[in-house]
Structure formats: structure tokens, C-alpha cells
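Chemist: Take a look at the following structure, please.
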Amino acid sequence: MNLKKKRIFLSGHKGMVGSSILRYLKAKDYKNIITINKDKLNLLDQKKTDNFIKKIKPDFVINAAARVGGILANSNFKAEFIYENLTIQTNLINSSYSAGVKKLIFLGSSCIYPKLCKQPIKEKDLLTGKLEETNDAYAIAKIAGVKMCEAYNKQYNLQYICLMPTNLYGPNDNYDLKYSHFFPALIKKVYLAKKKGKKKIDVWGNGKAKREIMYVDDLASACEFFLKTKTRHSLINIGSGEERTIENFAKYVIKKFNAKVKIKFDKSKPNGTPRKIVDTSLAKSYGWKSMYNLDQGFKSTFEDFLKKN
């Protein structure tokens, strides 16, 4: 399928994920990518969202709009996380269906899976156990989106595909020390420690929890790939296989900054899920695989961070 001239509506184009998808598609010479700023369209408004989608008549929709954050943000703003994510995705999915959009990419997160899930996590593990308490509101919202896409696919014969990426990092990330995810927080902490001549950085938990991270352009490539690919599955994991402990990631960032700082683990703070790595066998069976290793992804992330700090 040649998508280059198709009309693609991309929501959330100013965020890390959305801006990566926009860069990626433009670099591939896509001609008709439609975006709109928040001040022009509030996706929490069902009627305005519906009218907008019907007006622009997109061939495809990629939903990268979401309220996201790390452990503290997810813990402190559960109401906002469940309400805003449920509302945005519900409005976009239903408006797309109403406007005749046959294919949509819905983006979620691997946190939809149970806290103590067997590793690597398979798509079939969804709803087989208790969620991680710190981000259950966000996870429940995204699970609802997955189930909504499945229902619309079955009832209306659509191709609404739910891509569930692992932890993401890259240019245009959020480096707020209170509300960002762990990897950008590590980058900011090490940067500030080196800049201010500090001897240590504080890291939440005991450092033993394992995480998989993926450069955001890998997700952008997956969005394009699955727009072009007919699938039999609604839910597909997207991951890199790049798994380390939090302690190891911290040491990696310290080395990259050439900083002489030590790590102090704050064991009064939560570790989160003990281990989280997704099984990407299904994505690979369709022909998609990760392209970037940590060194490649960190280079452009590091350059972007230094430009803005």
C-alpha cells in the first residue's frame, strides 16, 4: 500500500512520541500529514473532535495524544490520568469510525500488563493479574482503549491497531525531575550534578528493578510499518530488547556524561514493577523489528538535551 499521498491525521504532534512520528514520516516524504495544536482543538471535547475529523476526512489516524508521566505523576494525578486518557482516546476512536476511517493506530504502554507478569510479556498476558498500583489509572484507561479498538474491529470490520511500546526515550522528552520517566530523570540528575559539582545523585528504590527502554524513532517506524501492514491482531507489543537494571542505566548515563558522581539509592521510594520487558515475537512475525541500540538512541537524545539545557 502506498501511503505517501494518503491523508494522515496525527494527534499529539508536539510531544516526544508525536514529534518523532512527524519527523519520521516527513523524512520518508509523506505529503499529507495533518496536525493541529491544542489551542485550536481540545481533544477532550467530543463534539469539536467529531466535527474536526469529519471536516478533514483523513484516510488514517495515529493517536499519539495522551497524558503521560513517571511514577510520581501517575501516583499524584490518577484522576487526570484516567479521565483525560479515556476521553481523548474515546473521542478519537469513535470520531474516526464515524468519519469512515478504516485504519487507526492507537498507542499505549507496556504498563497495561500485570505487575508480576511472566517475562517477557506476551500480548495474551493482558488482564491476567493485578496492575502496578502507581500507574493503574493510566493503565486502565489504555486497556479500555485496547478493548474499544478490538470491539470496533470486530463489529465494524476495521483495522484499529493497538501498539504497546516499552519505556521510551528520545529527543523532545520531558526532563522534569518530579514527573518524568526514570531515564530522562537520570539524564537530568547527572547533568545537574556535574554542572553544580555535586558528588552524588539520588535514585528511587534499590536500583535492582529491570527495565527495557526503546528509542522513540523505533516506535515511529512501527507506526508506519503497521499502517502499511494488514494484521490479524489488534494488540501488538513494540520493544527493543534493551534491558538493564535501574542501577546499570544510571551508571551508563554517568559514564556518558563523564561525571564523577556516585549513586545514592532512596529505598523509601518505590521500585515500581520488578521487571518489565515485552515479547516482540508477534511484531517480528509481521516483519517489524527494532533498529536502534542504546548507544545510537542516546547520541541524538543527548545532543537534543544539551541544546535545550
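Just so you know, all these numbers are worked out from the coordinates, no wet-lab data involved. Keep in mind that this is a model prediction, so the values were computed, not measured. Ideal geometry is used to build each Cβ from the backbone, glycine not excepted, and the neighbour counts take in all protein chains shown.
Chemist: Considering only the other residues whose Cβ falls under 11 Å of the Cβ of A185, what net charge follows from Lys and Arg at +1 and Asp and Glu at -1?
Modeler: Its environment carries a net charge of 0.
Chemist: From the phi angles alone, apply the Karplus equation (6.51, -1.76, 1.60; θ = phi - 60°) to the stretch 174-181 and give each ³J(HN,Hα) in whole Hz, x where the residue is Gly or Pro.
Modeler: Result, rounded to whole Hz: 9, 10, 5, 5, 7, 10, 7, 6.
Chemist: Starting from the Cα of K269, move 7 Å in the Cα-to-Cβ direction to define the label point; list residues of the stretch 168-188 whose amide nitrogen is under 11 Å from there.
Modeler: 177-183, 185-186
Chemist: Still on this structure, I have one more. Between the helical axis of 294-308 and the dominant principal axis of the chain, each derived from Cα atoms, what acute angle in degrees is found, rounded to the nearest 10?
Modeler: The angle comes out near 90 degrees.
Chemist: As a footprinting exposure proxy, order L43, L107, L3 by other Cβ within 10 Å, with the fewest listed first. List each step's numbers first, then the result.
Modeler: On the way: L43 23, L107 27, L3 18.
Lowest to highest Cβ neighbour count: L3, L43, L107.
Chemist: Rg over Rh of the stretch 52-104, using C-alpha atoms and the Kirkwood radius, what does it come to?
Modeler: 1.11
Chemist: Could you give the size of the charge dipole of the stretch 1-120 about its Cα centre, using +1 on the Cβ of each K and R and -1 on the Cβ of each D and E, expressed in debye and rounded to the nearest 20? Each step should come with its number before you reach the end.
Modeler: Details: 22 positive and 7 negative charges, 112 e Å.
The dipole of the stretch 1-120 has a size of about 540 debye.
Chemist: A further question follows. With the cut-off at 1.5 for a/c, could you classify the stretch 1-90 from its C-alpha gyration tensor as rounded, prolate or oblate?
Modeler: On the way: a/c = 2.77, a/b = 1.53, b/c = 1.81.
In terms of gyration-tensor shape, oblate.
Chemist: Here is a follow-up. If you add up the charges near K210, with Lys and Arg at +1 and Asp and Glu at -1, over every other residue whose beta carbon is less than 9 angstrom from its beta carbon, what do you get?
Modeler: Residues near K210 contribute +3 overall.
Chemist: In addition: Once a ≥ b ≥ c are taken as the square roots of the eigenvalues of the Cα gyration tensor of the stretch 201-309, is the result rounded (a/c under 1.5), prolate (a/b larger than b/c) or oblate (a/b not larger than b/c)?
Modeler: Oblate is the answer for the stretch 201-309, as a/c is 1.5 or above yet b/c matches or exceeds a/b.
Chemist: Take K4, project a point 7 Å from its Cα along the Cβ direction, then tell me which residues of the stretch 15-35 have their backbone nitrogen under 13 Å from it.
Modeler: Inside the label zone: 26-32.
Chemist: Determine which lysines satisfy two conditions relative to K102: a Cα distance under 19 Å, and not lying fewer than 8 residues away in the same chain.
Modeler: List returned: K4, K5, K6, K54, K55, K57, K147, K154, K228, K230.
Chemist: Two decimals is fine: what's Rg over Rh for the chain, C-alpha atoms, Kirkwood radius as Rh?
Modeler: 0.96
Chemist: Using θ = phi - 60° and the Karplus form 6.51 cos²θ - 1.76 cosθ + 1.60, what ³J(HN,Hα) does each residue of the stretch 161-173 get, whole Hz, x for Gly and Pro?
Modeler: Working through the residues one at a time gives 9, 9, 9, 10, x, 6, 4, 10, 8, x, x, 6, 6 Hz.
Chemist: Which of H233, Y215, T280 sits closest to the plus end of the dipole of the stretch 212-309, meaning its Cα is farthest towards the positive end, when Lys and Arg get +1 and Asp and Glu get -1 on the C-beta?
Modeler: Selected residue: Y215.
Chemist: Now for a different question. Spin-label point model (7 Å from Cα, Cβ direction): what's the T229 to N157 distance in nm?
Modeler: 2.4
Chemist: Ok, one more. With the crude spin-label approximation of a point 7 Å out along Cα→Cβ, what separation in nm comes out for K118 versus D59?
Modeler: Each label point is offset 7 Å from its Cα along the Cβ direction, giving 4.2 nm.
Chemist: What is the distance, in nm, between label points placed 7 Å from the Cα along the Cα-to-Cβ direction at A79 and at K38?
Modeler: Label-label distance for A79 and K38, simple model: 1.9 nm.
Chemist: Still on this model: In whole Å, how far is the Cα centre of the stretch 117-147 from that of the stretch 1-80?
Modeler: So the two Cα centres are separated by 23 Å.
Chemist: Does anything in the stretch 207-245 have its amide N under 14 Å from the 7 Å Cα→Cβ label point of N293, and if so which residues?
Modeler: Within reach of a label on N293, which here means backbone N under 14 Å from a point 7 Å along Cα→Cβ, the stretch 207-245 contributes 241-243.
Chemist: Which aspartates and glutamates does K40 reach when only Cα atoms under 18 Å apart count, and residues fewer than 8 places away in its own chain are ignored?
Modeler: By straight Cα distance, K40 reaches D50, E84.
Chemist: Charges at C-beta only: +1 for Lys and Arg, -1 for Asp and Glu. How large is the resulting dipole of the chain about its Cα centre, in Debye rounded to 20?
Modeler: Taking the Cα centre of the chain as origin, the dipole is about 740 debye.
Chemist: For the stretch 87-243, what D do you get in µm² per second when you plug the Kirkwood radius from alpha-carbon pairs into Stokes-Einstein at 25 °C and 0.890 mPa s?
Modeler: For the chosen part, D equals 141 µm²/s.
Chemist: Count charges around V61 for me, please; just the other residues with Cβ under 12 Å from its Cβ, Lys/Arg as +1, Asp/Glu as -1.
Modeler: Cβ neighbours under 12 Å give a net charge of +4.
Chemist: For the chain, with the dipole built from +1 on Lys and Arg beta-carbon atoms and -1 on Asp and Glu ones, taken about the Cα centre, which of F9, I140, N248 lies farthest toward the positive end?
Modeler: Farthest towards the positive end: N248.
Chemist: Determine, for each peptide in 10-20, 273-283, the mean count of other beta carbons within 10 angstrom over its residues, then list the peptides with the highest first.
Modeler: Peptide ranking by packing, descending: 10-20, 273-283.
Chemist: Suppose we keep just the DSSP beta bridges with both residues in the chain; what percent of those would be antiparallel, to 5?
Modeler: The antiparallel proportion sits near 10 percent.
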